[in-house]
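Report on the structure given below.
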């Protein structure tokens, strides 16, 4: 399993992904799932992946080497895209090309073609945008009404983002909410774990503001985890006792 999320606010974009993969309880490995495509001053894009590792790595390799355009008879690179919409379309084409080659063999081995991606970034002349691309190659775009997208083991971290994230929040708060969302997922699912890769993009800089890996024992993340746990316990203690109980027992109306 894995967990990746992207948060797009007025001040910028945060993308975060864990690195844990497992093929059973005794076969746990670390693989990077947040990939950066960047030409400073021209474009900066990040691609986070979840699902079958072999499929996601094949898609990423295609994007680096070029995706075949059968009509034009050439390969298209992600840096050739003029808009983020075109970049999302290119990721979708790469997925479909990998599907055409590998899906039948995977099916014969009882392995599902399961993959999804978050694509976020900016190309010169356009805005920061964030997309989620599905295994069929189709995609949706993040909006100001719902300024975050998730892939992988998303259910544990979603309540944090639902309650905390707004489009008008500062980028530092968006990063903090993303880290808390990741911590909540790690607490509830052993298939998600450190190290964590973090990317922050600010509008119109066309280069990464932050490209950072959080390793086990990193002081800030450790402190954030402890403070969040303490804050939850304090909030729980501060909420009035439910009126439905009397002396620890259910009130039975006469």
Q | Those strands (runs of 3 or more DSSP E) lying entirely in the range 21-137 with at least 2 residues touching a strand residue (DSSP E or B) at 6+ places or on another chain (Cβ under 7 Å) and within 30 Å of residue 147 (Cβ to Cβ) | A | 34-39, 43-51, 115-123, 129-133
Q: Using the structure shown, decide if residue 180 is under 14 Å from the mean Cα position of the chain (by Cα), touching a residue at least 40 places away in the same chain (Cβ under 8 Å) and not in a helix (DSSP H, G or I).
A: no
Q: Exactly one condition in (1) under 13 Å from residue 6 (Cα atoms); (2) assigned to a loop (DSSP other than H, G, I, E, B); (3) touching a strand residue (DSSP E or B) at 6+ places or on another chain (Cβ under 8 Å) is not met by residue 146; state its number.
A: (3)
Q.
Quick check on the range 18-28. Is at least one of its residues farther than 14 Å from residue 131 by Cα and buried (at least 23 other Cβ atoms within 10 Å of the Cβ)?
A. yes
Q | Count - residues of the range 217-236 that are farther than 18 Å from residue 175 by Cα and either in a loop (DSSP other than H, G, I, E, B) or in contact (Cβ under 8 Å) with a residue 24 or more places away in the chain (or both) | A | 1
Q) For residue 200, all conditions in the list (1) over 15 Å from the mean Cα position of the chain (by Cα); (2) farther than 16 Å from residue 33 by Cβ; (3) at pLDDT 95 or above hold save one; what is the number of the exception? A) (1)
**Q.** Subset of the range 7-30 [within 20 Å of residue 215 (Cα to Cα) and at pLDDT 95 or above]
**A.** 14, 15, 16, 17, 18, 19
Q: Considering every residue within the range 151-171, establish whether at least one is touching a residue at least 40 places away in the same chain (Cβ under 8 Å), touching a strand residue (DSSP E or B) at 6+ places or on another chain (Cβ under 7 Å), part of a helix (DSSP H, G or I) and surrounded by fewer than 21 Cβ atoms within 10 Å (Cβ to Cβ).
A: yes
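The values are calculated or read from the model by the stated rules, or taken from the named source; none is laboratory data. Keep in mind that what you see is a predicted model, and the values were worked out from it rather than measured. Virtual Cβ from ideal backbone geometry, glycine too; neighbours counted across all protein chains shown.
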